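S.K.: Got a structure here, written out as structure tokens. Questions coming.
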Amino acid sequence: MTTTDEPRHRSALDDVARWLDDRLRLAEGSRRYWRKAFPAHWSFLIGEVALFSLVVLLFTGTFLAFFYVPDTRLVVYDGPYVPLQGQEISAAFDSTLRLSFEVRGGLVMRQIHHWAALVFVAAITVHMLRVFFTGAFRRPRELNWVIGVLLLLLAFGAGFTGYSLPDDLLSGTGLRIGYSVLLGIPFVGPLIGFIGLGGEYPGTDVLGRLHILHVMLLPAGLIGLVTAHLVILVRQKHTQKPSRKATNDNVVGEPLFPHQTLTSLALFAFTIAVLALLGGLFEINPVWLYGPYEPFQVFAPAQPDWYMGWLEGMLRLWPNWEFTVLGLTIPSTFLPGVILPGLIFTVVGAWPWIDARWITKDHDEHHLLQRPRDVPLRTGIGVGGLVFLLSIFIAGGNDVLASNTSTGLQTITAILRVATIAVPFLIGWIAYRMARGLKENELAVTAADPTRTEPASGPPR
Amino acid sequence: MAEPDRFPPATPAGGQTKADRWRRQREREDRAARWAAVCFLVAIVAALSLFAVYVSGGQVQLEGLALFVAFAGVGLGIAIWVRVIVGHEEVIEERYPMRSDDAEREAFEELYEATLGEAGVGGRRRFLVRLLTGAGASLGLALLIPIRSLGPGPENDLFRTEWDAGARVVDAEGEPLRAEDISPDQVVTVFPEGATGSADSQAILVGLRTDVETDLRQPTVDGIVVYSKICTHAGCPVGLYRAAVGELLCPCHQSTFGVYNGAVVLSGPAGRPLPQLPIALDDDGYLVALGDFVEPVGPSFWNMTRGGGS
């Protein structure tokens, strides 16, 4: 940059900027945010991967919506896919096949969309783990944690409604299971089910409704909550790892422009690149192989998208307890399908309060991140919970596991039942002990040499 | 100390002159600029090749690859640019506690009280606020009306299927079945005549072997049983039959049902047997139902034992 006294050359862009500033008074705010500090650590970029996946989802999804027909009425397939020619299939399935085989670029868009959905939920999950194990959810960020949990729920909903749309055999089976779990909600379950489907299963309205949820309500919710998430983030400023410079009273990092802007742009490009590679080379959800949905047909092994795996696993693992008390039947899916997921999401959503009340007993404002060792109990519970989810996720593939290991299915299920109860406690306890050991060792070193820095939790305010 | 410091101070520059360092940095930046340029060029070529692929009819793998190379090129070019040419820079922002200053809070509280009082909301007009709240709540409740219109209530639908006394048992093509057409260990997906493909009436007919003892709860025709095909767990079609052990297996969550024992649950998460269809032969030797299933088919629900018309 030159430092001469001559006036800078005025480009067209300058003129536009001046025109806008004349009307909107933008210079002051721009100057303030132009150099906003972004702490530089790779783990802060995981949330951005989720954001960029969402952008890819919105763009590819818009393209798909131009072709998809949410209609269960039957048509005769006359497209290029030979095995289905002449067969009666729903207009929805027909439009999915047309999109895949006849629209140029349609298949790559469809596959990128599906892969982006898987990466979206994965990035949210990893981002959430980062926030959990570093205590970034602590006051004042409880609200953004809850918004994040709601975003995860909406992502689940968007994923489920999305892969139910093609009206293929796999998606129909998933829908049937979801509807069955819904029936298990006390008393109002059947009513909700009938209202949702517009009648008895499978009904004729379900695809149109799932479609509106998938392309309008859920994206609106996602965009709204992401916006709130980011506004709060800017308002509260970033958390950071403690260092000699980084304290609870400042933010040390790279400026928004040019560093963070370029870094994010590069990450955006990499995210799209990886999704395009996956969508181009790795076949996903080949609905033409599954065939059209018929309520009386099914194939095995039927596996949902990965993020549904733990819910599926819970249904497979739970014992066949079904009670009739006072003339009321408690369906066998009620505890594993309704209560348990509800409980898990409640605990996760309420974690900032649980953590402050019982784990750290600390209700102060914190902007410095912790390391997992700094709060051994939280780390232990977090690792244990994660192992539990992993275990029931594995149970979601118990049939695949059984046929690949030539072990009996019931043996596998019995082992997984025991493992699901025992292993989380064991691994959680080991994680707790490790964290405590590391922490005590560090405190001993600090005590031996008082000139050393404070432990990472930072000075109390 | 033997322990490495967690936050070591930046090491001072080595024995180089300032000019040396400056020259080296310039060279480094020039090299990086060349690489970034190569990346962007590759991206341009890949993006243009996307047009070529499209015009020549489209090909999913090539489209994915071209997109990958184009975006990876852009990303890598920008990454080199920001990491090497722009380089590292640190800014430090001050941070203040999120809570407003006490003075600010109090000032707003005063303003709030004053304006609310002025509007007559805080004091004697409080009843107006309550009524307005009541009107809002009532209108909120009225929002349930359009939701309720989305579909009928379950009424009796969960308690009955299309099966009726005298309904002939037909296969998926609508062909009626005779008892003598069924051989031992044969399984056929069946429907009541006129309701082929019906989701709630789907049933599975199994040919029994004569050398195995049976324990059935419904009247049936010798050597044949018909059960609801909807799993009592999560509603999947119970589509697999392991003839050697006489077990129906649901492929979704692996519940197994013993066909010789009234489809009792042998293993897996299902909570109750598959309902059995009472069948007989009509005068022409065709299989017919003697009536509907005596209990609700499919997954259980809370008021299922209360009988119909909930």
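S.K.: Being over 30 Å from the mean Cα position of the chain (by Cα), surrounded by 17 or more Cβ atoms within 10 Å (Cβ to Cβ) and not acidic (D, E): is that true of B:L132 here? I'd like the intermediate steps shown before the answer.
M.R.: Values: over 30 Å from the mean Cα position of the chain (by Cα): yes; surrounded by 17 or more Cβ atoms within 10 Å (Cβ to Cβ): no; not acidic (D, E): yes.
No.
S.K.: Of the residues A:R378, A:R357, A:R316, which is under 21 Å from B:F301 (Cβ atoms) and either among the basic types (K, R) or touching a strand residue (DSSP E or B) at 6+ places or on another chain (Cβ under 6 Å) (or both)?
M.R.: On the way: A:R378 fails: under 21 Å from B:F301 (Cβ atoms); A:R357 fails: under 21 Å from B:F301 (Cβ atoms).
The unique qualifying residue is A:R316.
S.K.: Got a number for residues in the stretch A:285-309 being more than 9 Å from chain B (Cβ to nearest Cβ) and either surrounded by fewer than 17 Cβ atoms within 10 Å (Cβ to Cβ) or of a type in the set (G, A, S) (or both)?
M.R.: Start the filter on the stretch A:285-309 by keeping residues that are more than 9 Å from chain B (Cβ to nearest Cβ), which leaves A:285-293, A:303-309.
Retained after the next criterion (residues that are either surrounded by fewer than 17 Cβ atoms within 10 Å (Cβ to Cβ) or of a type in the set (G, A, S) (or both)): A:286, A:289, A:291, A:303, A:306, A:309.
The qualifying residues number 6.
S.K.: What are the residues in the stretch A:367-413 that are assigned to a loop (DSSP other than H, G, I, E, B) and either farther than 30 Å from B:S100 by Cα or touching a Gly at 6+ places or on another chain (Cβ under 7 Å) (or both), if any? Break it down into steps so the answer makes sense when it comes.
M.R.: Step one: list which residues in the stretch A:367-413 are assigned to a loop (DSSP other than H, G, I, E, B), which gives A:367, A:369-371, A:375, A:396-397, A:406-408.
Matches in the stretch A:367-413: A:L369, A:Q370, A:V375, A:G396, A:G397, A:S406, A:T407, A:G408.
The rows are residues; the columns are (1) farther than 23 Å from A:Q240 by Cα; (2) within 14 Å of chain B (Cβ to nearest Cβ); (3) buried (at least 17 other Cβ atoms within 10 Å of the Cβ).
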| position | (1), (2), (3) |
| --- | --- |
| A:W19 | yes, no, no |
| A:R25 | yes, no, no |
| A:G29 | yes, no, no |
| A:R35 | no, yes, no |
| A:P39 | no, yes, yes |
| A:L51 | no, no, yes |
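S.K.: Same structure again: In the list B:A195, B:A199, B:A167, B:A234, which residue meets the criterion of being over 23 Å from B:T256 (Cα atoms), within 14 Å of chain A (Cβ to nearest Cβ), of a type outside the set (V, I, T) and surrounded by 16 or more Cβ atoms within 10 Å (Cβ to Cβ)? Walk me through how you get there before you give the answer.
M.R.: Numbers: B:A199 fails: over 23 Å from B:T256 (Cα atoms); B:A167 fails: within 14 Å of chain A (Cβ to nearest Cβ); B:A234 fails: over 23 Å from B:T256 (Cα atoms).
Among B:A195, B:A199, B:A167, B:A234, only B:A195 is over 23 Å from B:T256 (Cα atoms), within 14 Å of chain A (Cβ to nearest Cβ), of a type outside the set (V, I, T) and surrounded by 16 or more Cβ atoms within 10 Å (Cβ to Cβ).
S.K.: I'm trying to understand the selection: among the residues of the stretch A:238-270, which are part of a loop (DSSP other than H, G, I, E, B) and within 9 Å of chain B (Cβ to nearest Cβ)? Let's see the steps before the verdict.
M.R.: First, pick out the residues of the stretch A:238-270 that are part of a loop (DSSP other than H, G, I, E, B): A:238-239, A:241-249.
Across the stretch A:238-270, the qualifying residues are A:P242, A:S243, A:R244, A:K245, A:A246, A:T247, A:N248, A:D249.
S.K.: Would you pick out the residues in the stretch B:253-310 that are part of a loop (DSSP other than H, G, I, E, B), under 16 Å from B:E193 (Cβ atoms) and touching a helix residue (DSSP H, G or I) at 6+ places or on another chain (Cβ under 7 Å)?
M.R.: Hit for the stretch B:253-310 is B:G285, nothing else.
S.K.: Going by the conditions given, is A:V215 in contact (Cβ under 8 Å) with a residue 24 or more places away in the chain, facing chain B (nearest Cβ under 7 Å), crowded, with 20+ Cβ neighbours inside 10 Å and among the β-branched types (V, I, T)? Steps first, answer last, please.
M.R.: Values: in contact (Cβ under 8 Å) with a residue 24 or more places away in the chain: yes; facing chain B (nearest Cβ under 7 Å): no; crowded, with 20+ Cβ neighbours inside 10 Å: yes; among the β-branched types (V, I, T): yes.
So A:V215 fails the test.
S.K.: Please go through (1) among the β-branched types (V, I, T); (2) free of Cβ contacts under 8 Å to residues at least 24 places away in the same chain; (3) out of contact with any Lys or Arg (no Cβ under 8 Å at 6 or more places or on another chain); (4) more than 13 Å from chain B (Cβ to nearest Cβ) for A:V348 and return the number of the only condition it doesn't satisfy.
M.R.: (2)
S.K.: Give, as residue ranges, the strands (runs of 3 or more DSSP E) completely inside the stretch B:123-212 that count at least 2 residues that are under 29 Å from A:G189 (Cα atoms) and at pLDDT 95 or above. Steps first, answer last, please.
M.R.: Working: elements: B:169-171, B:187-192, B:203-207.
Qualifying strands (runs of 3 or more DSSP E): B:187-192, B:203-207.
S.K.: Follow-up question, since we're still on this one. So if I check each of B:R160, B:R148, which one is of a type outside the set (V, I, T) and touching a residue at least 40 places away in the same chain (Cβ under 8 Å)?
M.R.: Values: B:R148 fails: touching a residue at least 40 places away in the same chain (Cβ under 8 Å).
Unique residue meeting the criteria: B:R160.
The values are calculated or read from the model by the stated rules, or taken from the named source; none is laboratory data. In this text the structure is predicted, and so the values were computed from the model without any measurement. Note that each Cβ is placed from the backbone with ideal geometry, even for glycine, and that neighbours are counted across all protein chains shown.
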